[in-house]
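The values are calculated or read from the model by the stated rules, or taken from the named source; none is laboratory data. Remember, it's a predicted structure, so these values are computed and weren't measured experimentally. As a convention, Cβ positions derive from the backbone with ideal geometry for all residues, glycine included, and neighbour counts pool all protein chains shown.
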Amino acid sequence: MPNSNKTYIAELKNNVGRQVTLSGWLYNSRASGKIQFLIIRDGTGLCQCIVEKAKVADELFSRLKRLGQESSLTITGTVRADERSVGGYELTVTDAKIVSPTTDYPITPKSHGTDFLLKHRHLHLRSQRQWCIGKIRHTIIDAIRRFFNDNGFILIDTPIITATAGEDLQSLFEVDYFGSPLHLTQTGQLHVESAAMSFGKVYCFGPTFRAEKSKTRRHLTEFWMVEPEVAFIDLDGLLELAENFVSFIAADVLQNNKSQLETLGVDSATLEKIKPPFYRLTYTKVADILTGQKTRDFLAQQLEELKNQKQQLETKIAELEKQQTGQLKQWQKDKIAAELIELRSTLGEVDTRIENNPKHAKLAAEFQWGKDLGGSDETIISQMHDKPVFVTHYPKEAKAFYMKTDRDEEGVVLNFDLLAPAGFGEIIGGSVREDDYDLLLARIAEYGLDVENYRWYLDLRKYGSVPHGGFGLGVERTVAWLTAEKHIRQCIAFPRLMDKIYI
RNA sequence: UCCCCGAUAGCUCAACUGGUAGAGCGAGCGGCUGUUAACCGCUAGGUUGUAGGUUCGAGUCCUACUCGGGGAGCCA
């Protein structure tokens, strides 16, 4: 095996004119009598390899011709720049070695259903789309770590098995810990607060578990969350930190994943907009907006647009259905059929939105100060903006026990949610923490939590309490937002969904 | 937990009001020197999710169940 000059596809641009050897898998192939086009993937990209019958041994030519998708092989040839090729470079093949031939690879280059793909997730990870998302996820995670490391934050690894509940008690996964019931962490926040009193600026980054009965495109039961926590910080400081942080991530993706964004069909202009300052609204302001004329007009207009869109789709579908019955080549009929499936699914989505619009309008109009913002309310606010929006100062009844009440306005807490624009919704939740011992104790009791479990947490208010706060950013939601991926389950390699684990 | 939709070849989907289950992809064989989800010809591939029911006749209608998708509530 000529291994001495092994090259990765990503490095082809530096090797034009040279002979190189690639190792990878057969992604797709097209063949004719005397020429074959093999698309090879090697983890760094795709490369079209040209096999001409005249330039290789006959036996090799025919073996390559019947080589199945996802067979592994090493392939040697000369690098050429060529516009017609994926990635702009191709290989004129002189030799190849089949490492392991494959037959009947289940995932074809045609379309597949979600269930099928999730059942084959171990193989689906090789697909272009999953590969692009995986690369971007990697950039995001790397950016997260770098942002904090370069800004003086210390990484603290918080426990996964815990006795304290950070969020809602109903969404806990219980663990039988040598006979006593503990649970999987919902947040590292309480622990990371303790570390902030030692290091000043800290963050934790790990998996989080929530047994929410939420079967939506925005929920996983196991997801990754990064949670910075800072001593001596106020709400304004947190907002600034959060907007710089999110902007840094977006800029990093833009810089490192141009081609992946392009493959995914993401308009990079939307990412370029993600720059400070983000919009800042108080909860009370949001409540006014939701119940006001602006929202009524906005939703009415949206409904009009949706109805128009529906009509256009229906016209298009009718046209295609008519065409389909005419005299056409089989492949043309197939193309139309594929297009119809696509259009019908879009139509279904539009129908759902039309159906939901009045419900959302009603929910918004009847919004009562004091309630938490519903998903639809968030969506409305988020749709009204082209940049992320901070919503701050929620009523304390709607929020967690540890959030600090606004001393100027006792009914609200010093918290914030960050809503991603264009209807994407919440990606960050954060707050200034209650730092007064007595007030915190009262809140713990109010929430019906066992004070004994929170003794250590209360101690932080006893020994040198300081104003402090932090937030949590959901990694998969951020990935979904930045890649414009509709479903969060595509944003982690092996998703854990409510009641459903595939692999 | 609630509401809506669906289940037909390995995969993605067809089958008008109940009347002999059909394409493409994939697989196999053959053809084609620049293909881009290549194309063209041939071949194989099915107890229509499961269990009942209505009917002369059920993929199609009814009931239950199982599985899947979407939405609601809740959240990162």
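Tabulated values for the structure
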read-out	value
Scan of the stretch A:231-242 for residues that are crowded, with 20+ Cβ neighbours inside 10 Å and either outside the structural domain of A:Asp150 (by TED's automatic domain parsing) or in contact with a Leu (Cβ under 8 Å, 6 or more places away or on another chain) (or both), ordered by number	A:Ile233, A:Leu235, A:Ala242
Sole residue being within 21 Å of A:Leu460 (Cα to Cα), of a type in the set (Ser, Thr, Tyr) and in contact with an Asp or Glu (Cβ under 9 Å, 6 or more places away or on another chain), chosen from A:Thr162, A:Thr185, A:Thr158, A:Thr208	A:Thr158
Selection from the stretch A:72-109 of residues that are within 15 Å of A:Trp25 (Cα to Cα), among the small types (Gly, Ala, Ser) and buried (at least 20 other Cβ atoms within 10 Å of the Cβ)	A:Ala96
Residue in the stretch A:134-153 that is over 25 Å from the mean Cα position of the chain (by Cα) and farther than 30 Å from A:Ala445 by Cβ present	yes
Odd one out for A:Asn15 among (1) within 13 Å of RNA strand B (Cβ to nearest atom); (2) polar (S, T, N, Q); (3) more than 27 Å from A:His124 (Cβ to Cβ)	(1)
Lone qualifier among A:Arg84, A:Arg80 - being within 15 Å of RNA strand B (Cβ to nearest atom), assigned to a strand (DSSP E or B) and of a type outside the set (A, V, I, L, M, F, W, C)	A:Arg80
Pair list, Cβ < 7 Å and 6+ apart or interchain, from the stretch A:180-198 residues that are under 20 Å from A:Gly152 (Cβ atoms) to residues that are polar (S, T, N, Q) and within 16 Å of RNA strand B (Cβ to nearest atom)	A:Gly188/A:Thr158; A:His191/A:Thr158; A:Val192/A:Thr158
Filtered residues of the stretch A:457-494 (kept if within 10 Å of RNA strand B (Cβ to nearest atom) and assigned to a loop (DSSP other than H, G, I, E, B))	A:Lys486, A:His487, A:Ile492
The stretch A:177-232, residues that are of a type in the set (Lys, Arg), more than 15 Å from A:Arg477 (Cβ to Cβ) and within 9 Å of RNA strand B (Cβ to nearest atom)	A:Lys213, A:Lys215
Which numbered condition A:Leu117 misses (of (1) away from RNA strand B (no atom under 12 Å from the Cβ); (2) assigned to a helix (DSSP H, G or I))	(1)
Within the stretch A:229-295, helices (runs of 4 or more DSSP H) holding 3 or more residues that are under 24 Å from A:Gly134 (Cα atoms) and of a type outside the set (Lys, Arg)	A:235-256, A:258-264, A:268-272
Residue in the stretch A:127-139 that is farther than 30 Å from A:Ser198 by Cα, surrounded by 18 or more Cβ atoms within 10 Å (Cβ to Cβ) and assigned by TED's automatic domain parsing to the domain that holds A:Arg30 present	no
Every pair of residues 6+ apart whose Cβ atoms lie under 6 Å, when the first sits in the stretch A:253-267 and is free of Cβ contacts under 8 Å to residues at least 40 places away in the same chain while the second is surrounded by 17 or more Cβ atoms within 10 Å (Cβ to Cβ) and not β-branched (Val, Ile, Thr)	A:Leu254/A:Leu271
Subset of the stretch A:358-394 [more than 8 Å from RNA strand B (Cβ to nearest atom), buried (at least 18 other Cβ atoms within 10 Å of the Cβ) and not in a loop (DSSP other than H, G, I, E, B)]	A:Ala361, A:Ala364, A:Ile380, A:Ile381, A:Ser382, A:Val389, A:Phe390, A:Val391, A:Thr392
Condition check for A:Ser345: among the small types (Gly, Ala, Ser) and touching a residue at least 40 places away in the same chain (Cβ under 8 Å)	no
Filter result (away from RNA strand B (no atom under 11 Å from the Cβ) and under 24 Å from A:Asn244 (Cα atoms)) within the stretch A:407-427	A:Val413, A:Leu414, A:Pro421, A:Ala422
Filter result for A:Val466 (under 26 Å from A:Ser194 (Cβ atoms), aliphatic (A, V, I, L, M) and at pLDDT 95 or above)	yes
Matching option when the condition is within 14 Å of RNA strand B (Cβ to nearest atom), in a strand (DSSP E or B) and either touching a strand residue (DSSP E or B) at 6+ places or on another chain (Cβ under 6 Å) or at pLDDT 90 or above (or both), among A:Leu64, A:Leu73, A:Leu38	A:Leu38
Some residue of the stretch A:407-416 being β-branched (Val, Ile, Thr) and under 25 Å from the mean Cα position of the chain (by Cα)	no
Single unsatisfied condition, A:Val451 versus (1) surrounded by fewer than 20 Cβ atoms within 10 Å (Cβ to Cβ); (2) closer than 28 Å to A:Ile289 by Cβ; (3) of a type in the set (Val, Ile, Thr)	(2)
